[in-house]
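As C-alpha cells, the structure follows; a few thoughts come after it.
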Amino acid sequence: MSIAKQKKSHIWDRDPDDWYVEPYECSRALFALEEFSGSIWDPSCGLGRILDSAEGAGHAVIGSDIVNRGSYCDFERDFLSISEGEVDFDNIVSNPPFNLAEKFVRHGLDLLPHGGKMAMILPMVWLSGFSTKRDWLPYSPLRKYFAISPRPSMPPGAVIEAGVKAGNGTKDFAWFIWEKGYCQQPAVGFMNTKPYK
C-alpha cells in the first residue's frame, strides 16, 4: 500500500492589481526555445523578470506598468490606454493581469506590428474556453503554445517582495504566442523549465 505524499501549496489573498510574479525559468525557457527578432516590450513588467531574461537573450527591452515596481519600468501607463504608434517596439512578452488578460491580448494584437510576436503566459484553460468566452481565439494569429512543466507557482508580488520562496504550483500554464499576419493552425510545444532554474 502506497502512502500519498502531502502537497504543500499556499493560498494567498488576491492582489488588488492582479499582480502575480512568474518564476524566472519561465521566461528564460521562452527565450531559449522561441526566436524573437528585435525589441521586447512588457506592458505589465512588474519586477522586470521577463525583461531581465530578454536582455540576457540579447534583446533591447522596454518596460511599462500601471505602477513602477522596479528598475525595468521605463514609464507608468495603463496598457489598455496606449494607442498604436505611441511605443516603438517589435514584440510583446508579458504576464498580464489575469482579470484583464482577454483585453490585454486583444489590445496587444491591435498594437503589434506586422510580423511581430506577442507571447503571454496564461492559464491553459484558455484553450478550452474558446467556444463561448473566446470565440475569437480560433481566428486569431495564434502561432504556437508551449505547455509549461513543472507547474509554475505565481504568487502575488507582495509575497515575492517579502522574500517568501514560491513553489508547488497547482495551476497549469502555457505561453501563448501570436504572430501578426500568421493564418495557419497553431503548433503545440512542450516546455520543461527545470534546466533554466
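The values are calculated or read from the model by the stated rules, or taken from the named source; none is laboratory data. Quick caveat, the model's predicted, so the values are computed rather than measured. As a convention, Cβ positions derive from the backbone with ideal geometry for all residues, glycine included, and neighbour counts pool all protein chains shown.
Go through segment 108-118 and give me each residue that's crowded, with 20+ Cβ neighbours inside 10 Å and assigned to a helix (DSSP H, G or I). Can you show your working first?
Here is the first cut: in segment 108-118, the residues crowded, with 20+ Cβ neighbours inside 10 Å are 108, 111-112, 116-118.
Of everything in segment 108-118, those that are crowded, with 20+ Cβ neighbours inside 10 Å and assigned to a helix (DSSP H, G or I) turn out to be Gly108, Leu111.
Filter segment 38-85 for residues that are in a loop (DSSP other than H, G, I, E, B), free of Cβ contacts under 8 Å to residues at least 40 places away in the same chain and of a type in the set (Gly, Ala, Ser) and give the result.
We begin by selecting, within segment 38-85, every residue in a loop (DSSP other than H, G, I, E, B); these are 38-39, 43-48, 57-60, 66-74, 77-78, 82-85.
With the extra rule that they be free of Cβ contacts under 8 Å to residues at least 40 places away in the same chain, the set shrinks to 48, 57-60, 68, 70-74, 77-78, 82-85.
Within segment 38-85, Gly48, Ala57, Gly58, Ala60, Gly70, Ser71, Ser83, Gly85 qualify.
Considering only segment 67-101, state which residues are of a type in the set (D, E, K, R) and at pLDDT 95 or above. Working first, answer last.
Taking segment 67-101 and keeping what is of a type in the set (D, E, K, R), we get 69, 74, 76-78, 84, 86, 88, 90.
Those that are of a type in the set (D, E, K, R) and at pLDDT 95 or above: Asp74, Glu76, Arg77, Asp78, Glu84, Glu86, Asp88, Asp90.
Please tell me if Ser64 is buried (at least 17 other Cβ atoms within 10 Å of the Cβ), more than 22 Å from Trp126 (Cβ to Cβ) and at pLDDT 95 or above. Even if it seems obvious, please write down each step before you answer.
Numbers: buried (at least 17 other Cβ atoms within 10 Å of the Cβ): yes; more than 22 Å from Trp126 (Cβ to Cβ): yes; at pLDDT 95 or above: yes.
Yes.
Restricting to segment 38-95, name every residue that is of a type in the set (A, V, I, L, M) and in contact with a strand residue (DSSP E or B) (Cβ under 7 Å, 6 or more places away or on another chain). Walk me through it before giving the result.
Residues of segment 38-95 that are of a type in the set (A, V, I, L, M), as a first pass: 40, 47, 50-51, 54, 57, 60-62, 66-67, 80, 82, 87, 92-93.
Answer for segment 38-95, where residues must be of a type in the set (A, V, I, L, M) and in contact with a strand residue (DSSP E or B) (Cβ under 7 Å, 6 or more places away or on another chain): Ile40, Ile50, Leu51, Ala54, Val61, Ile62, Ile66, Val67, Val87, Ile92, Val93.
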